[in-house]
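Novice: Structure in structure tokens, see below.
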Amino acid sequence: MRAVVNGLSVDVEAWFQVGAFERVIAREDWPGLEDRVERNMREILDLFDEAQAKATFFTLGWVACRHGPLMREIAARGHELASHGWDHRRVFTMDRKAFGEDIARARKAIEDAAGQQVSGYRAPSFSIDQRTPWAFAELAEQGYAYSSSVAPVAHDHYGWPEAPRFAFHPLADADLVEIPVTTAVLAGRRLAPGGGGFFRVLPYGFSRWAIRQVNREYGRPGVFYFHPWEIDPGQPRVARAPLRSRLRHYTNLRGMAPKLRRLLGDFAWGRMDALAQREAAALAPAAGRAAAA
């Protein structure tokens, strides 16, 4: 039996751009803060080379226009560049016009920097949900092939619990595919083991069990994500951030890289654009049957 190829992704943003610090670090202060993206990204690229894994890097336009050589190196090493928006504004804080301008600006910056076409998008903090019914229509109108912007769980910062767990067409009149971040089911509850803080803080065995559940019991690919700052225990500390935010952000940074090595060795991984193509092909027969009915 062939191994299910899961989607491997990195949300490329600096430590000072995360949602947890958005109320204590102003955007106008970003240019004066220590930028550790390049240092962290080179470690990640080497880690992926070591594991012979290809990935998708959902990148902020703000980062791409400041790190052109790095963007080109990501592409040259065989990875996909995709959009994470311009400056990490959550989708539900914008209207459709502002969102359209945000994703168009980010896409141009990434494509200009990398010399690679952008076909995928991930909303900052998985912020496409029931409050943003226009977001998928805007992505489709701008020609995006896929999105990975939905977390089908209940969470204090994000989540759309009613959304499908696996890939779906969010629009009846467009080919756009939404590929939600991985969830697992335990005692009837949806859990979010697909990366980020959950992966860092909880024992590795939890994430391994969850991805195996998705691969073996459902025969479906998982989607895993993390951030460059999560492998960087030497990053600056934001002392004035709320305690809960600091605990979420800084816990187990030192243990992240070893965990990633185990994850990369235990499962098969690939780019999100390739996964989106496979999921679109799998959805096509179901769409045909629905149309015939």
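Novice: Have a look at S245, S207 and point out the one that is polar (S, T, N, Q), open to solvent by less than 40 Å² (accessible area, probe 1.4 Å) and touching a Pro at 6+ places or on another chain (Cβ under 9 Å).
Specialist: Every option except S207 fails the conditions.
Novice: Another one. Can you tell me which residue within region 106-135, out of those that are small (G, A, S) and part of a loop (DSSP other than H, G, I, E, B), is farthest from T56 (Cα to Cα)?
Specialist: Among those residues, the one meeting the criterion is S127.
Novice: Right, another one. Pairs under 9 Å by beta carbon, first residue without any contact (Cβ under 8 Å) to a residue 24 or more places away in the chain and within 20 Å of R131 (Cβ to Cβ) in region 159-173, partner of a type in the set (V, I, T) and in a loop (DSSP other than H, G, I, E, B), six or more apart or different chains?
Specialist: Within 9 Å, the pairs are P164/V150.
Novice: Then there is this: Of the conditions (1) within 20 Å of D175 (Cα to Cα); (2) open to solvent by 20 Å² or more (accessible area, probe 1.4 Å); (3) modelled with pLDDT of 95 or more; (4) part of a helix (DSSP H, G or I), A290 satisfies every one except a single condition; which number is it?
Specialist: (3)
Novice: If A123 passes every condition in (1) open to solvent by less than 10 Å² (accessible area, probe 1.4 Å); (2) out of contact with any helix residue (DSSP H, G or I) (no Cβ under 6 Å at 6 or more places or on another chain); (3) at pLDDT 95 or above but one, which one does it miss?
Specialist: With (1) open to solvent by less than 10 Å² (accessible area, probe 1.4 Å); (2) out of contact with any helix residue (DSSP H, G or I) (no Cβ under 6 Å at 6 or more places or on another chain); (3) at pLDDT 95 or above applied to A123, the lone miss is (2).
Novice: To continue, here is another question. Give the residues of region 65-84 that are closer than 22 Å to D102 by Cβ and out of contact with any strand residue (DSSP E or B) (no Cβ under 8 Å at 6 or more places or on another chain), sorted by residue number.
Specialist: C65, R66, H67, G68, L70
Novice: Helices (runs of 4 or more DSSP H) wholly in region 1-105 with at least 2 residues that are in contact (Cβ under 8 Å) with a residue 60 or more places away in the chain and more than 24 Å from T183 (Cα to Cα) - which ones?
Specialist: Those helices (runs of 4 or more DSSP H) span 37-51.
Novice: A further question follows. So, in region 245-272, how many residues would count as being in contact (Cβ under 8 Å) with a residue 60 or more places away in the chain, charged (D, E, K, R) and not in a helix (DSSP H, G or I)?
Specialist: Here the count works out to 1.
Novice: Can you tell me which of (1) assigned to a loop (DSSP other than H, G, I, E, B); (2) within 27 Å of H249 (Cα to Cα) is the one F166 doesn't meet?
Specialist: Evaluating F166 over (1) assigned to a loop (DSSP other than H, G, I, E, B); (2) within 27 Å of H249 (Cα to Cα) leaves (2) as the failure.
Novice: Now a separate question. Mind checking whether some residue in region 8-15 is open to solvent by 10 Å² or more (accessible area, probe 1.4 Å), touching a Pro at 6+ places or on another chain (Cβ under 8 Å) and closer than 22 Å to F126 by Cα?
Specialist: Yes, that holds for at least one residue.
Novice: Which residue is nearest to V18 (Cα to Cα), if the candidates are limited to region 238-287 and must be among the small types (G, A, S) and in contact with a helix residue (DSSP H, G or I) (Cβ under 6 Å, 6 or more places away or on another chain)?
Specialist: In this case the residue turns out to be S245.
Novice: What number of residues within region 27-60 satisfy the criterion of being in contact with a strand residue (DSSP E or B) (Cβ under 7 Å, 6 or more places away or on another chain) and open to solvent by 70 Å² or more (accessible area, probe 1.4 Å)?
Specialist: Count: 1.
Novice: I'd like to verify a number: residues in region 210-242 that are surrounded by 15 or more Cβ atoms within 10 Å (Cβ to Cβ) and either touching a residue at least 40 places away in the same chain (Cβ under 8 Å) or within 30 Å of A281 (Cβ to Cβ) (or both), how many?
Specialist: 21
Novice: Quickly run through region 141-162 and pick out the residues that are more than 29 Å from R77 (Cβ to Cβ) and surrounded by fewer than 18 Cβ atoms within 10 Å (Cβ to Cβ).
Specialist: Correct list: E141, A154, H155, D156, H157, P161, E162.
The values are calculated or read from the model by the stated rules, or taken from the named source; none is laboratory data. Computed from a prediction, not measured in an experiment: that's the story for all the values here. Quick reminder, even Gly has a Cβ in these numbers, built from the backbone with ideal geometry, and neighbours come from all protein chains shown. The accessibility values were calculated without ligands, DNA or RNA, using every heavy atom of the protein model including side chains. Shrake-Rupley method; radii C 1.70, N 1.55, O 1.52, S 1.80 Å.
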